[in-house]
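Every number here is computed from the coordinates shown, using simple stated rules; none is lab data. If you're wondering where the values come from, they're calculated on a predicted model, not measured in any experiment. Here the Cβ positions follow ideal geometry from the backbone for every residue, glycine too, while neighbour counts run over all protein chains shown.
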Amino acid sequence: MKIVVIGGSGLIGSKVVALLRQRGHQAVAASPASGVDAITGEGLDLALAGAQAAVDLSNSPSFEDGAVMAFFQTSGRNLLRAEHGAGVGHHVALSIVGIERNTGSGYYRAKLAQEALIKASPVPWTILRSTQFFPFAAGVIQDGAKNGEIRLSTGMMQPIAPDDVAAFVADTALGSPANDTIEIAGPERIRVNDFARAYMDAHGDARPIVAEAHTPFWGAELDDRSLTPGDHARLGKTTFAQWLREDAAARTS
């Protein structure tokens, strides 16, 4: 089975490509570096020729509201148009749990626009909405660091290991289109400030965190439902503590 992975050289994409190839499938890692550009459309037709499925793991290089909206709308239209022309039978996209509840974030609004394009396309589809990845803790800390303090939300989240995300994506790409949205998440819930604290402790970062309920998270104010999945989410097996131990071992090896 030929499966084209847009963003196939990224954190999740590289893992998905490796998993698919291990299972004996022809996985094409497509990115601008390989001559495939979803923004300009360059290389899409050639890459998708003969493909049974396409996985969109692309991400905007800019999180500025206008730029990220333009990225996901342009790349989404170009990719879906090329897939339809190539007769691709399954479009798989990775999105985010809770985006409809956090429209104060320009990034989340752009992902909603991407989802709308997918649902309106004639290409059969499955959208996987994931919670935040464990390594995202570093970005959370950086975003909260202002004026000598790290100010973070106390909202609840349910982060997930990248390996678990990749396994869900690969399984979905090899399956039949659901024409539906499926949520995936880690096995445990944790507050944003505690998520950051555990990551900082594992990296020997003793800076204090100022935790407040109303502190924005990437532009959106959270409650305990904002970033957590519903009752029927598919859950990964890797805990955050386990991932931190494995990450520490990898950094010291």
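A few remarks follow.
- Stretchable slack from Ala178 to His214, in nm (0.36 nm times residue separation minus alpha-carbon distance): 9.3 nm
- Likely footprinting exposure, Lys111, Lys15, Lys2, fewest C-beta neighbours within 10 Å first: Lys2, Lys15, Lys111
- Applying the Karplus relation 6.51 cos²θ - 1.76 cosθ + 1.60 with θ = phi - 60° to the stretch 163-169 yields 3J(HN,Hα) values of 5, 5, 4, 4, 5, 5, 5 Hz, where x marks Gly and Pro.
- Neighbour-count ranking [beta-carbon atoms within 10 angstrom, fewest first] of Arg23, Arg251, Arg197, Arg234: Arg251, Arg23, Arg234, Arg197
- Working note: 222 nm ellipticity from helices only, DSSP H runs with n ≥ 4, each -39,500 (n - 2.57), summed and divided by the residues of the chain, gives -12000 deg cm²/dmol to the nearest 500.
- Computed FRET value (nearest 0.05) for Glu188 with Ser253, which takes r as the C-beta separation and R₀ as 22 Å: 0.25
- Annotation: amide H of Arg151 within the under-5 Å range of Ala145, Lys146, Val210, sequence separation 5 or more or interchain, hydrogens built in the peptide plane.
- Straightening the chain between Glu42 and His232 buys 64.5 nm, computed as 0.36 nm per residue apart minus the Cα-Cα spacing.
- Karplus-derived HN-Hα couplings along the stretch 229-245 (A = 6.51, B = -1.76, C = 1.60, θ = phi - 60°), whole Hz, x at Gly and Pro: x, x, 5, 9, 5, 8, 9, x, 9, 7, 7, 5, 4, 5, 4, 4, 5
- Amide H within-cut-off set for Glu42, under 5 Å, with H built and near neighbours excluded: Asp37
- This ranking places Leu244, Leu20 by how few other beta-carbon atoms lie within 10 Å of each, fewest first, which gives Leu244, Leu20.
- On the beta carbon distance between Ala145 and Ala33, with R0 = 30 Å, the FRET formula returns roughly 0.45.
- Remark: for residue pairs Lys15/Lys237; Lys15/Lys111; Lys2/Lys119, the C-alpha separation exceeds 25 Å in no case.
- Full extension of the chain between Glu64 and Leu11 yields a length gain of 17.0 nm, computed as 0.36 nm times the residue separation minus the alpha carbon distance.
- Dividing the convex hull volume of the alpha-carbon atoms in the stretch 29-164 by its residue count gives 128 Å³ per residue.
- Paramagnetic label reach from Thr154 (point 7 Å along Cα→Cβ; backbone nitrogen cut-off under 17 Å): within the stretch 188-212, residues 190-198, 209-212.
- Bridge type composition, the chain - antiparallel percent by DSSP, nearest 5: 15
- For Ile160, nonlocal amide neighbours, meaning residues 5 or more places apart or on other chains whose placed amide H falls under 5 Å from its own, are Gln132, Phe133, Phe134, Gly186.
- Sequentially through the stretch 111-120, phi angles give Karplus couplings (6.51, -1.76, 1.60; θ = phi - 60°) of 5, 4, 5, 4, 4, 4, 4, 5, 5, 8 Hz, Gly and Pro residues having no value and appearing as x.
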